[in-house]
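A.B. asks: I'd like to ask some things about the structure below.
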Amino acid sequence: MFSDETLESVRVESVWRKSQQGAQQSKSCQTPAVSSGHAGVQTGSRVSSSTQTEPQQQDHQLENLNGPDPPGLVDFLRRVEELLIKELLKNSRSHAFDGFQANWTEPSQHVSHLHGLQHAGTQEQGLHVSAVSWSCTGSVIACAYGRTDDGDWSNQKSCVCLWNLDRRSLRPKQADLVLDVPAAVTSVCCHPERPALIAGGLYNGEVLVWDTSRTQDPVLAQTGMSADSHREPVYQVAWVPLQKKGEFGVLSSSSGGGVLLWTVDPDQGRMVLSSAYAFVRQQVPHSSSLKIRGSSTVGVTALALSPWDSDTFLVGSEGGLLLLCSFSSQIPAAVAPEGRSVTPRAPTVFSFRPSSGPVHSMHCSPFHRNLFVSAGTAGLVHVHSLLQADPLLSVRVSDSYVFQVQWSPSRPLVFAAATGQGEVQIFDLNRRSLRPAATIQDGAPGQTATCLAFNGPNPRLLAVGRSDGTVGIWQLSSDLTEPGPNERLQLEQIANQVAE
Amino acid sequence: MDGVEETLKRIESNASVAGTIVLNSEGVPIRSSFDSGTSSRYGREVSEITALARSAVRDLDPQNDLQLLCIRFNKREIIIGAENNCLLIVFKNLPE
């Protein structure tokens with residue numbers, strides 16, 4: 001059934017290869033040989049040389065200083081010794097130059113206007129100059145801008161401008177440094193020893209310290225809006241020496257009825273409340289003529305420190321009170337603590353005869369420990385003794401307000417007052433008639449002179465700030481800056497007289 | 001017989017004297033109670049002004065010569081003894 005079968009192999013030729021083979025062609029091509037060559041170049045020689053001088057002068061001098069005695073030196077010294085000793089003894093006995101101060105400046109007869117400073121941005125905004133302060137070197141003037149005409153809370157930005165008058169190219173229209181401040185600045189005070197530090201008080205109650213040597217953020221410390229800080233406009237700030245020598249705190253006064261003493265903590269950028277003082281009418285020792293009326297807190301408008309007694313400060317109030325106060329008082333004030341970390345104390349020691357309106361300015365005499373001046377809305381400047389309730393002397397300065405009054409730093413009998421009519425009146429108590437010795441007026445009348453500052457290191461300069469945003473720098477005449485021979489004696493007489 | 005140091009000590013023992021500098025004829029300090037920087041600064045300035053003062057004295061009277069020059073600063077006084085171009089500067093503190 002099954003049998004082997006051998007099948008013939010079938011051969012099929014590839015049709016594909018044949019058709020492909022037909023299309024194939026072979027070609028060849030060749031480029032001629034590329035010839036290439038290498039070449040190198042190199043300089044083989046290099047020269048370096050250097051030179052140096054040795055500081056030989058020093059050795060030379062030391063050699064000289066310790067060298068052997070040159071010939072003749074002993075003889076020279078011996079001859080000159082007798083003469084020198086004689087002269088030394090004569091000199092130490094002589095009183096020829098006692099109290100002599102060389103004055104190399106040219107005497108001037110006139111009060112002259114040196115500079116008119118203004119900052120462009122502030123004038124457009126209609127800001128007033130609210131305070132001026134000279135740095136401790138006397139070359140930089142700090143001008144605070146704010147408003148003195150309205151009592152509204154506002155968010156208007158403001159600034160503190162600084163001009164260095166000793167700069168070679170003073171630009172009166174462009175401040176050397178502008179410190180931007182988010183609220184109106186009401187007061188400014190330069191540090192008494194460190195020229196870069198400036199304290200300022202704001203309308204919103206904040207107290208700041210700027211360090212102008214810091215380029216990034218000039219704010220060194222601020223109170224911020226803490227429970228400790230003022231809640232009413234700060235009227236005045238001042239640097240106060242603290243117990244540790246060389247350290248200063250900032251004293252600020254506010255219409256909220258408080259005077260606060262702050263220490264600066266630069267590491268945390270904060271002002272730390274150190275003492276609080278509150279004024280309550282019931283705790284103010286008053287003379288019989290003073291009637292108690294109105295609210296019980298006393299809004300502090302003016303502040304003055306005594307250069308003679310670091311424990312004493314003077315306070316002027318919105319109601320016209322003039323109070324002598326002591327930093328070391330321990331009597332607790334009869335006010336609610338208001339969440340402050342420090343219990344407020346009642347510092348009042350003595351009350352002077354109150355003036356009829358708000359006290360705008362007070363200043364202690366730099367030449368007599370008992371004298372101070374005060375001024376306010378009544379247009380009068382009162383010269384007071386710390387020992388008497390009644391003023392020793394009342395001078396009518398203006399028919400308008402008096403915004404600031406300050407004693408001259410060089411002449412014991414001279415003070416200047418900035419008035420609401422725009423004039424600055426300079427009085428010399430040496431003249432028996434109580435008329436101004438000089439009147440400074442520039443710019444349009446009706447532009448209030450809001451502040452002034454004598455320059456301590458250079459008493460010939462007086463800065464006057466105005467409500468039109470300009471600051472005038474005036475050079476005073478020689479008779480207003482150079483003290484007479486027995487001026488201190490006259491001041492002593494004024495201080496010792498008994499008020500009428 | 002006392003030498004240079006003893007003489008200088010004697011001058012410096014005076015209560016008001018703060019220090020001394022001795023300059024040679026070239027104005028280079030050869031004895032000083034101050035550091036070398038201060039000494040050479042004073043040496044330069046003082047020898048210049050002394051030369052001026054001496055020429056003024058001689059112009060006025062050729063027979064005469066400068067003996068002593070006192071310069072009073074705000075806080076101190078220097079007394080300069082001069083002879084043959086050698087200078088002794090004595091620094092004197094003023095009483096407050």
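The values are calculated or read from the model by the stated rules, or taken from the named source; none is laboratory data. As the structure is a computational prediction, the values presented were derived from the model and not from experiment. Every residue, glycine among them, receives a Cβ derived from its backbone with ideal geometry; neighbour counts consider all protein chains shown. The protein model used for the area step is the full one, side chains on, heavy atoms only, and it has no ligands, DNA or RNA in it. Shrake-Rupley method; radii C 1.70, N 1.55, O 1.52, S 1.80 Å.
A.B. asks: Over segment A:133-409, what is the relative contact order in percent, taking alpha-carbon pairs closer than 8 angstrom and at least six residues apart?
C.D. replies: Taking the mean separation of contacting Cα pairs over the length of segment A:133-409, I get 10 percent.
A.B. asks: Where only protein heavy atoms count, and the probe is 1.4 Å, what is the accessible area per residue for chain B in Å²?
C.D. replies: Result: 55 Å² per residue.
A.B. asks: Here is the link list: A:Lys90/B:Lys9; A:Lys173/B:Lys75; A:Lys244/B:Lys9. Which ones come out longer than 29 Å on Cα distance?
C.D. replies: Check vs 29 Å cut-off fails for A:Lys173/B:Lys75; A:Lys244/B:Lys9.
A.B. asks: Each residue of segment B:39-46 in turn: what ³J(HN,Hα) in whole Hz from Karplus with 6.51, -1.76, 1.60 and θ = phi - 60°, glycine and Pro shown as x?
C.D. replies: 4, 6, 5, 4, x, 4, 5, 5
A.B. asks: Run the numbers on segment B:61-96: which residues show a drop of 40 Å² or more in accessible area, chain on its own versus all protein chains together, using a 1.4 Å probe over heavy atoms?
C.D. replies: Residues losing area: B:Leu68, B:Arg72, B:Ile79, B:Glu83, B:Leu88, B:Lys92.
A.B. asks: From the helices alone, meaning DSSP H stretches of at least four residues, give me the mean residue ellipticity at 222 nm for the protein assembly as shown, per-run term -39500 (n - 2.57), in deg cm²/dmol to the nearest 500.
C.D. replies: Calculated mean residue ellipticity at 222 nm is -4500 deg cm²/dmol.
A.B. asks: With charges set only on the Cβ (+1 for Lys and Arg, -1 for Asp and Glu), what does the dipole of segment B:4-93 come to about its Cα centre, in debye to the nearest 20?
C.D. replies: Dipole of segment B:4-93, to the nearest 20 debye: 340 debye.
A.B. asks: Residues of segment B:23-51 losing 10 Å² or more of accessible surface, assembly versus chain alone, probe 1.4 Å, please list them.
C.D. replies: Buried-area filter returns B:Val28, B:Pro29, B:Ile30, B:Arg31, B:Ser32, B:Ser36, B:Ser40.
A.B. asks: Kindly report the accessible area of segment A:133-409 per residue (heavy atoms of protein chains, probe 1.4 Å, no ligands, DNA or RNA), in Å².
C.D. replies: I get 43 Å² per residue for this part.
A.B. asks: Just to be sure I understand: if you take the accessible area of chain B alone plus chain A alone and subtract the pair, with a 1.4 Å probe, what total do you get in Å², rounded to 100?
C.D. replies: 2700
A.B. asks: Can I ask one more? If N is the number of residues in segment A:204-251, what value comes out of its Cα radius of gyration divided by 2.2 N^0.38 Å?
C.D. replies: 1.29
A.B. asks: Determine the relative contact order of segment A:400-443: mean sequence separation of Cα pairs under 8 Å and six or more apart, normalised by residue count, in whole percent.
C.D. replies: 29
A.B. asks: Give me, ordered by chain and number, the residues 5 or more places off A:Arg345 or on other chains with an amide H under 5 Å from its own placed amide H.
C.D. replies: Here the answer is A:Ala276, A:Tyr277, A:Ala278, A:Ala333, since their amide H atoms fall under 5 Å of that of A:Arg345.
A.B. asks: Taking only the alpha carbons of segment A:133-409, what extent do you get along each of the three principal axes, in Å, biggest first?
C.D. replies: Here the Cα extents, ordered largest to smallest, are 57, 43, 41 Å.
A.B. asks: Is the C-alpha gyration tensor of the protein assembly as shown telling us rounded, prolate or oblate? Criteria: a/c under 1.5 is rounded; beyond that, a/b larger than b/c is prolate, otherwise oblate.
C.D. replies: Oblate shape, in that a/c is at least 1.5 and b/c is the bigger or equal ratio.
A.B. asks: What is the dipole size for the protein assembly as shown, taken about its Cα centre, with +1 at each Lys and Arg Cβ and -1 at each Asp and Glu Cβ, in debye to the nearest 20?
C.D. replies: Result for the protein assembly as shown is approximately 980 debye, rounded to the nearest 20.
A.B. asks: Lys/Arg Cβ at +1, Asp/Glu Cβ at -1, dipole of the protein assembly as shown taken about the Cα centre: which of A:Gly339, B:Asn93, A:Ala33 is farthest positive-ward?
C.D. replies: A:Gly339
A.B. asks: Stokes-Einstein diffusion coefficient for segment B:4-93 at 10 °C in a medium of 1.306 mPa s, Rh from the Kirkwood formula over Cα pairs: what value in µm²/s?
C.D. replies: 118
A.B. asks: Now for a separate question. For A:Lys245, which aspartates and glutamates qualify as cross-link partners when the Cα separation must be under 19 Å and same-chain residues fewer than eight apart are set aside?
C.D. replies: Correct list for A:Lys245: A:Glu193, A:Asp265, A:Asp309, A:Asp311.
A.B. asks: Now, a different point. Give the residue from B:Leu52, B:Ala15, B:Ile80 lying farthest towards the positive end of the charge dipole for chain B; charges sit on Cβ (+1 for Lys and Arg, -1 for Asp and Glu) and the dipole is referred to the Cα centre.
C.D. replies: B:Ala15
A.B. asks: Still on this model: Aspartates and glutamates within cross-link reach of A:Lys86: Cα-Cα under 14 Å, excluding same-chain residues under 8 positions apart?
C.D. replies: Within reach: B:Glu12.
A.B. asks: Contact order normalised by length for chain A, with contacts defined as Cα pairs under 8 Å and 6 or more residues apart; what percent is it?
C.D. replies: 11
A.B. asks: Then there is this: Mind listing the phi-derived Karplus ³J(HN,Hα) values for segment A:5-10, rounded to whole Hz, using 6.51, -1.76 and 1.60 with θ = phi - 60°, and x for any glycine or proline?
C.D. replies: Each residue of segment A:5-10 in turn: 9, 10, 9, 6, 6, 9 Hz.
A.B. asks: Could you look at segment B:4-93 and say what percent of its accessible area is carbon and sulfur, using a 1.4 Å probe and all protein chains?
C.D. replies: Carbon and sulfur together cover 48 percent of it.
A.B. asks: Next question, about the same structure. Taking only complete DSSP H runs, can you tell me which helices of chain A stretch 24 Å or more along their own long axis by Cα positions and average at least -0.5 on the Kyte-Doolittle scale?
C.D. replies: Both cut-offs are met by A:73-93.
A.B. asks: I'd like the Karplus ³J(HN,Hα) series for segment A:417-430: coefficients 6.51, -1.76, 1.60, θ = phi - 60°, whole numbers in Hz, and an x wherever there's a Gly or Pro.
C.D. replies: Karplus-based 3J(HN,Hα) across segment A:417-430 equals 9, 9, 10, x, 7, x, 8, 10, 9, 10, 10, 10, 6, 5 Hz.
A.B. asks: Carbon and sulfur: what percent of segment A:400-487's accessible surface (1.4 Å probe)?
C.D. replies: That share works out to 47 percent.
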